[in-house]
1. Of all the residues that make up the range 56-79, how many are surrounded by 20 or more Cβ atoms within 10 Å (Cβ to Cβ) and either of a type in the set (Gly, Ala, Ser) or more than 23 Å from THR209 (Cβ to Cβ) (or both)?
2. Given the conditions (1) open to solvent by 70 Å² or more (accessible area, probe 1.4 Å); (2) touching a Pro at 6+ places or on another chain (Cβ under 6 Å); (3) free of Cβ contacts under 8 Å to residues at least 40 places away in the same chain, which single one is not true for LYS46?
3. Sort out which residues of the range 80-110 are among the aromatic types (Phe, Trp, Tyr) and surrounded by 21 or more Cβ atoms within 10 Å (Cβ to Cβ), and write them in order of number.
4. Within the range 191-213, can you find the residues that are more than 24 Å from SER6 (Cβ to Cβ) and in a loop (DSSP other than H, G, I, E, B)?
5. List, please: which pairs have Cβ atoms under 9 Å, are six or more places apart or on different chains, and start with a residue in the range 175-187 that is farther than 11 Å from ILE147 by Cβ and end with one that is open to solvent by 30 Å² or more (accessible area, probe 1.4 Å) and of a type in the set (S, T, N, Q)?
6. For the range 1-35, what are the residues that are under 21 Å from the mean Cα position of the chain (by Cα), polar (S, T, N, Q) and surrounded by fewer than 12 Cβ atoms within 10 Å (Cβ to Cβ)?
7. Could you give every pair whose Cβ atoms fall below 6 Å, whose first residue belongs to the range 1-22 and is free of Cβ contacts under 8 Å to residues at least 12 places away in the same chain, and whose second residue is exposed (fewer than 14 other Cβ atoms within 10 Å of the Cβ), counting only separations of at least 6 or pairs across chains?
8. Answer with yes or no whether ILE144 is touching a Gly at 6+ places or on another chain (Cβ under 6 Å) and under 30 Å from ASN72 (Cβ atoms).
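The values are calculated or read from the model by the stated rules, or taken from the named source; none is laboratory data. Since the structure is predicted, the reported quantities are computational estimates derived from the model, not experimental observations. No Cβ is skipped: glycine too gets one built from the backbone with ideal geometry, and neighbour counts run over all protein chains shown. For the accessible areas, the whole protein counts, side chains as well, though only heavy atoms, and no ligand, DNA or RNA atoms are used. Shrake-Rupley method; radii C 1.70, N 1.55, O 1.52, S 1.80 Å.
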Amino acid sequence: MISIKSDREIEIMKEAGYINYLTHQELKKHLRPGITTNELNDIADKFIRSHGGKPSCLGYEGYPKSICISINDEIVHGIPSNRRIKKGDIVSFDFCTEYKGYNSDSANTYIVGDAAPDDIKDLVKYTEEALYVGLKEIKPGAKIGDIGHAIETFAHEHGLSVVEDLVGHGVGTSIHEDPDVPNYGEKGTGITLKKGMVIAVEPMLNLGTKDVCILTT
């Protein structure tokens, strides 16, 4: 079921989003070759809690860490460990913050030391731009398919494939709510967007095929 948030609920979610933003800024300060993903996880956990939030990922469906850190060909939901970051790695931080019972969700991707081939730099650049292409489609009366169609069209224009096995989603009192928000689709299809809906748009683009391998622990 899709929930419609009140103005009061959205204001709380904005506060959760601001803590998320500040945490990303803090993580960026510490991202360097040699640091482990566990160390980055602990930095994020401490920072979120110190600002009155709670790391929503921790314990969600058994997830053992406070944030997700994905490296190179890992698309999403990489689990922090004693793995050390290397120069040239593509590192994505993806996490949710709960504040007063409501959640925010965001991800940022970095190239460590900016030492990467041009096609990798383009992948990171165009994936970020695809987010804003999708966001431009969001308004009351638009369709979910409008978002995915815009992202997919943009990706293909730049020679990139779109992951179909993983999608964006609604956000609220849970970190994953209805509706699904695919990064592909047909314009004018899907549910109609309404004022008060809160969604996470999450472009996931590949240099190669759209296929992914889902690992389980």
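1. Count: 7.
2. (2)
3. Selection gives PHE93, PHE95, TYR99, TYR102.
4. GLU202, PRO203, MET204, LEU207, GLY208, THR209, LYS210, ASP211, VAL212, CYS213
5. GLU177/SER3; ASP178/SER3
6. Across the range 1-35, the qualifying residue is only GLN25.
7. Nothing qualifies.
8. No.
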